[in-house]
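First up is the structure itself, then whatever we jot down about it.
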Amino acid sequence: MKLLESKTLQNLARSFAGETQASTRYKFIEYGARNEGYNALAEVIDKIAFNEFNHGRMFYTYIQQASPKMIENIDISAGYPFKEKWNLVENLKLAADDEEHDRNLYKEFEKVAREEGFEEIANLFAMTASVEECHKKLFLDLYQQFSSGTAYKKDKTVKWKCSGCGYEAESKEAWDKCPLCQAEQGFVMLQVASK
């Protein structure tokens, strides 16, 4: 079967559209984090947005390889989430839900690609699904920390580091202002379970 005539091509196009939208949605969340003074959180989310951009780039690369000629259009019918509003903490939970959805979708797309004989693309879907699972766990961890008020306060002593100047100190709670550069608490790097 040729890729140009396959369901896998449709799935690549849906995946490309979904990943580029996810990247943009996460940039909105990053923007919200920066506006609320959470620079370190914004940096974490920025890395995830860049991951999503690269997923989209890989899907697009396979679409381009489907034909030596320009592909004028690929009609796709798919729903995409528009749940996030301007509530930073809630958006972290919604992003985790989106990542779970994408992981499940890519598992389905992997199966179709294997059935159609596109092993390399099936492997791409499988690897992307595993990354989406990591993203889900990270977003859930961030959501739990920010919703419970434990992002900058721990039960045990941990090492806190300023993302602005690199200053480090150990304590149960992060400083309000960095002792070295006077950056606000939102510049303190986060302690996350799965980075």
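The values are calculated or read from the model by the stated rules, or taken from the named source; none is laboratory data. This structure is a prediction, so every number in the text was calculated from the model and none was measured. Positions of Cβ are generated from backbone atoms using ideal geometry, with glycine treated the same way; all protein chains shown enter the neighbour counts.
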For this session: Return the total of residues in the stretch 89-119 being surrounded by fewer than 18 Cβ atoms within 10 Å (Cβ to Cβ) and either among the small types (Gly, Ala, Ser) or more than 13 Å from residue 140 (Cα to Cα) (or both).
Result: 10
Exercise. For residue 128, all conditions in the list (1) under 19 Å from residue 88 (Cα atoms); (2) in contact with a His (Cβ under 7 Å, 6 or more places away or on another chain) hold save one; what is the number of the exception?
Worked result: (1)
For this session: Kindly indicate which of 111, 172 is at pLDDT 95 or above, more than 30 Å from residue 57 (Cα to Cα) and not aliphatic (A, V, I, L, M).
Result: 172
Seminar exercise, completed: Scanning the stretch 45-103 residue by residue, those touching a residue at least 24 places away in the same chain (Cβ under 8 Å), in a loop (DSSP other than H, G, I, E, B), closer than 25 Å to residue 191 by Cα and not acidic (Asp, Glu) turn out to be 86
Problem set entry | Residues located in the stretch 124-138, provided they are in contact with a helix residue (DSSP H, G or I) (Cβ under 7 Å, 6 or more places away or on another chain) and free of Cβ contacts under 8 Å to residues at least 60 places away in the same chain | 126, 129, 132, 133, 136
Seminar exercise, completed: Filter the stretch 14-39 for residues that are charged (D, E, K, R) and closer than 17 Å to residue 190 by Cα; the one that is nearest to the chain's Cα centre (by Cα) is 30
